[in-house]
Each structure stands twice: as structure tokens, then as C-alpha cells.
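Below you'll find the structure I mean.
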Amino acid sequence: PMTEGCRYDLIVDADGQLNRVQVKTSGYRARSSDGWEVSLATSGGNRSGTTRRKLDATEFDLLFVLAADGRMWVIPSIEVHGAASIIVGGRKWTEYEVT
């Protein structure tokens, strides 16, 4: 992350347009499919307890996912808004897979 309180991990300049990118990795095979489960929540804590916060699509533009098998996806934030997790590697996210 660029800073401790930043809601995205990096900025990408693509054809003159700056995009805020949230990066997630997955090494967890989804139980119900051959895909990879990706958590879209951040966890943190302090003395008063642990908090879990879902990603807010207004705070980043693109989600970059790297799975343990080396496959990658670039997904627009609006596509994952409100989800606690997604499973990549199946048909649903095929159009966003980087080849």
C-alpha cells in the first residue's frame, strides 16, 4: 500500500488515465468449483476487537487478482461492489482474465 490509510494499493497510468488499483492474491481453492476464492474484505484490529470491512467500489477503480497458479484478472470495481468474496477461474470472470 502507498500509505497506511490508503484504500488502494497502487496507481496505474493506462493511456493517460490514472486508475486506483486494489490488489488481492489467492492461494485458496474454492470448495464448490475449480476456481480460486478471493476475499474482498480487509481485517484489522486493536484492543477493542477485530474489525472486518468490505471493499468500497468508490475507493478504487480496478481489482487486480493474482491466483497461486499464476493466472491474473483485472476487474472493474463496480463489478465486485458489496461482495465479501468472489471466485475467479470459472466462467463468471473469464472476460477479465489477463492472457
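The values are calculated or read from the model by the stated rules, or taken from the named source; none is laboratory data. Being a predicted model, the structure only gives us computed values, none of them experimental. Backbone-built Cβ (ideal geometry, glycine too); neighbour counts: all protein chains shown. Side chains included, ligands, DNA and RNA excluded: accessible areas come from the protein's heavy atoms. Shrake-Rupley method; radii C 1.70, N 1.55, O 1.52, S 1.80 Å.
When residue 19 is evaluated against the numbered criteria (1) open to solvent by less than 80 Å² (accessible area, probe 1.4 Å); (2) modelled with pLDDT of 90 or more; (3) within 22 Å of residue 91 (Cα to Cα), which criterion, by number, is the only one it fails?
With (1) open to solvent by less than 80 Å² (accessible area, probe 1.4 Å); (2) modelled with pLDDT of 90 or more; (3) within 22 Å of residue 91 (Cα to Cα) applied to residue 19, the lone miss is (3).
Restricting the range 1-16 to residues that are part of a strand (DSSP E or B) and modelled with pLDDT of 90 or more, which is surrounded by the most Cβ atoms within 10 Å (Cβ to Cβ)?
10
Additional query: Which of the residues that make up the range 53-81 are of a type in the set (Gly, Ala, Ser) and more than 12 Å from the chain's Cα centre (by Cα)?
68, 70
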